[in-house]
């Protein structure tokens, strides 16, 4: 065995994409990014299409959306899983396949690669849930798109402001998100 072979054996076989471990029912936090971080969701028409498709796919696969934010090159959402959380994979597959086709049709770019990959986290602690809920609602502010997230039509902050119980809204608003670890370098 030569020295190169020995070194190759010491390097672990890392997966090329995030591991999607969907063994337990519960709340999941998801992030998906556009390939090469391009701003393909830059128009209202593009964002409206993805938001509408997100809602319809969530309903079709039995996922209950809790929060969402769609920006020009990525999105986040939180959702309660159905009894079988493994339905997340076909949900995401349909969302990305159909949205890529529609974006490419809108931009007259047939065959263009749109989505890079997605990351999911099963949330198991209430504090983590509340912090990530606030993070998603405030994502347009975090990225400097708007001063007030409730003014951004492609995120759930305005909906949350109007529909959440005042005590729960205040609880979420008090949470700090500076220690939340999220893949969000877009």
Quick calc, residue 56 & residue 159: beta-carbon distance into FRET formula, R0 25 Å, rounding 0.05, result 0.90
Quick P(r) readout (segment 93-147; Cα-Cα; 10 Å bins; whole %) gives 19, 28, 36, 15, 2
Assertion target for 76, 137, 143, 36, ordered by fewest C-beta neighbours within 10 angstrom first, is 36, 143, 76, 137
Once both label points are put 7 Å beyond Cα along the C-beta direction, the residue 169-residue 125 separation in nm becomes 2.8
extent check for segment 24-174: Cα max minus min per principal axis, descending, whole Å, gives 48, 38, 23
Expected unfolding gain across residue 97-residue 45 under the 0.36 nm per residue rule, minus the alpha-carbon gap, is 17.0 nm
With label points set 7 Å from each Cα along the Cα-to-Cβ direction at residue 116 and residue 64, the distance between them in nm comes to 3.3
Inter-part gap, Cα centre of segment 138-176 to Cα centre of segment 61-127, in whole angstrom, is 20
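The numbers here are math on the coordinates, done by the rules we state, and not lab data. No experiment lies behind these values; they were computed from the predicted model shown. For neighbour counting, all protein chains shown are included, and Cβ atoms are generated from backbone atoms with ideal geometry for every residue, glycine included.
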